[in-house]
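One structure is given here, and the rest of the page talks about it.
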Amino acid sequence: PRYRPDWASLDARPLPAWFDRAKVGVFVHWGVFSHDAAYERFVSRRFPPGTTYADFAPRFTAHDFQPRQWAQLFQRAGARYVVLTTKHHEGFTNWGSPVSWNWNSVDTGPHRDLVGELGEALRESNLRYGLYHSLMEWFNPLYLADKQSDFKTQSFVLKKTMPELYDLVLKYKPDLIWSDGDWEAPDSYWNSTSFLAWLYNDSPVKDTVVVNDRWGRGCSCHHGGFYNCADRYRPGSLPEHKWEMCSSLDKLSWGYRSNMSLAEVMDEMSMIEELVQTVSLGGNYLLNVGPTKEGVIVPIFQERLLALGRWLDTNGEAIYESQPWRVQMENTTDTVWYTCKGPVVFAIFLLWPRDRVLHLSSPIPSPGTQVTLLGFAGTLEWQKPPGQGMLITLPYMLPSPLPPQSGWAVKLEGVK
């Protein structure tokens, strides 16, 4: 059936299955942009008088950008898809946009097609490619004029937003479009539904493409493909709709900051905790890094991504292609979370019990129940406690002054 340009029809489109199976993605915020009111103070302290925002484009050099190295890093991090900022709210585009004259990465700065180069490298590594795109632009005179008219005029949408979105889809054939910058105006101003109808009916990616929910004021958490709802969104219970949690390794920023301190970087335990909680509640986890203007992903971010990848090498069976179970979280504690694949249940516990006995009250065992610990050979002993659930005896770990690293998964076969 062809989709009509209205939400009732568009929202009925089934989400392409690859997205739910993928579970883990990496978000890359890279460009000229700054989000901060402190920006002007920063510029006046560090740069010559009269420096303007546009003067920063030539400094965005991407001299050290090696797309294949990025792709290998993301693959080793366990990501199944990567989302790159093609254009943020200040309008600088990371490809040679035909409607962003001299304010794009081909005409100035890197003099390279960053969107295209990364896409090629990711596809060589069999990773899905998502494009982040901001509908609005803070400083664009056309946008400011439309805003002045209370969005009764659409010059900016017709001359800038839509031509760029169509260009991105036709040129790069993305697997995902991560829309943003939608909140000031309704979706009727943005022409979102007619773009999505074209995307789903006639575009070269009509059968595989996935989109989020930021397509106009009030759409978030209500319309579109999967739901983001808000940055770092965490639902309290299992949502009915497919969703994604985006989080950033730098707790204070999405883009790179030269003054970031170690205490402001998410640690391994928090990262794994966010991933596990998100997937148990049916979500995907999109973890952000901000590269430098030269195109370097700083070593501390690489280290965190590789730690996530090592954890997934051992425990990925409980994450990728999994589904939420009938219980998402052990009712007595938020340190045990569940996922399942068909009849197999995984209990992921974030703290190693002191006495090596893991008490699970939700699974109902049977005489044939088998328990294994992912990453550990052999089966584990278990018994039925008085009451319900099961007591699982974990393997002996060498005594250590530090608690073991976060997150282990037991695989339960033959439980209800």
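For the range 381-399, a residue qualifies if it is without any contact (Cβ under 8 Å) to a residue 24 or more places away in the chain, of a type outside the set (Lys, Arg) and closer than 17 Å to residue 363 by Cα, and the qualifying residues are 381, 382, 383, 386.
Every residue, every condition in (1) on the phi < 0 side of the Ramachandran plot; (2) free of Cβ contacts under 8 Å to residues at least 40 places away in the same chain; (3) more than 26 Å from the chain's Cα centre (by Cα), yes or no:
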| site | (1), (2), (3) |
| --- | --- |
| 306 | yes, no, no |
| 338 | yes, no, no |
| 341 | yes, yes, no |
| 367 | yes, yes, yes |
| 379 | yes, yes, yes |
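Which one of 99, 169 is surrounded by fewer than 23 Cβ atoms within 10 Å (Cβ to Cβ), of a type in the set (Val, Ile, Thr), touching a helix residue (DSSP H, G or I) at 6+ places or on another chain (Cβ under 6 Å) and at pLDDT 95 or above? It is 99.
Taking each residue of the range 148-171 that is touching a residue at least 12 places away in the same chain (Cβ under 8 Å) and more than 28 Å from residue 207 (Cβ to Cβ) and looking for partners that are open to solvent by less than 30 Å² (accessible area, probe 1.4 Å) and in a helix (DSSP H, G or I) with beta-carbon atoms closer than 7 Å, six or more apart or interchain, yields 151/189; 154/146; 154/189; 155/146; 156/143; 156/146. Residue 270 meets each of the listed conditions (1) surrounded by 18 or more Cβ atoms within 10 Å (Cβ to Cβ); (2) small (Gly, Ala, Ser); (3) not in a loop (DSSP other than H, G, I, E, B) apart from (1). Please tell me if residue 215 is modelled with pLDDT of 95 or more, open to solvent by 30 Å² or more (accessible area, probe 1.4 Å) and within 30 Å of residue 22 (Cβ to Cβ). Considered against the rule, which asks whether it is modelled with pLDDT of 95 or more, open to solvent by 30 Å² or more (accessible area, probe 1.4 Å) and within 30 Å of residue 22 (Cβ to Cβ), residue 215 comes out as no. The condition (being touching a strand residue (DSSP E or B) at 6+ places or on another chain (Cβ under 9 Å) and either of a type in the set (Ser, Thr, Tyr) or without any contact (Cβ under 8 Å) to a residue 24 or more places away in the chain (or both)) is satisfied by just one residue among 194, 179, 188: 179.
Among the residues of the range 313-336 satisfying the criterion of being charged (D, E, K, R) and either touching a residue at least 40 places away in the same chain (Cβ under 8 Å) or open to solvent by 70 Å² or more (accessible area, probe 1.4 Å) (or both), which is farthest from residue 409 (Cα to Cα)?
Step one: list which residues in the range 313-336 are charged (D, E, K, R), which gives 313, 317, 321, 326, 330, 334.
In the following step, the residues that additionally are either touching a residue at least 40 places away in the same chain (Cβ under 8 Å) or open to solvent by 70 Å² or more (accessible area, probe 1.4 Å) (or both) were identified as 313, 317, 321, 326, 334.
On the way: 313: 12, 317: 9, 321: 15, 326: 17, 334: 15 Å.
Top of the filtered list is 326.
Out of 67, 58, 48, one residue alone is over 26 Å from the mean Cα position of the chain (by Cα) and in contact (Cβ under 8 Å) with a residue 12 or more places away in the chain. It is 58. Each residue in the range 293-312 was checked for being open to solvent by less than 10 Å² (accessible area, probe 1.4 Å) and part of a loop (DSSP other than H, G, I, E, B), and 2 of them qualify. Among the conditions (1) assigned to a helix (DSSP H, G or I); (2) open to solvent by less than 50 Å² (accessible area, probe 1.4 Å); (3) within 30 Å of residue 283 (Cβ to Cβ), the only one that residue 8 does not satisfy is (2). Quick check: anything in the range 119-139 more than 21 Å from residue 288 (Cβ to Cβ), touching a Leu at 6+ places or on another chain (Cβ under 6 Å) and crowded, with 22+ Cβ neighbours inside 10 Å? No, because not a single residue in the range 119-139 is more than 21 Å from residue 288 (Cβ to Cβ), touching a Leu at 6+ places or on another chain (Cβ under 6 Å) and crowded, with 22+ Cβ neighbours inside 10 Å.
The values are calculated or read from the model by the stated rules, or taken from the named source; none is laboratory data. Since this is a predicted model, take the numbers as computed values, not measurements. All Cβ positions, glycine included, derive from the backbone under ideal geometry; neighbour counts span all protein chains shown. Calculation scope for accessible area: heavy atoms of the full protein, side chains included, ligands and nucleic acids excluded. Shrake-Rupley method; radii C 1.70, N 1.55, O 1.52, S 1.80 Å.
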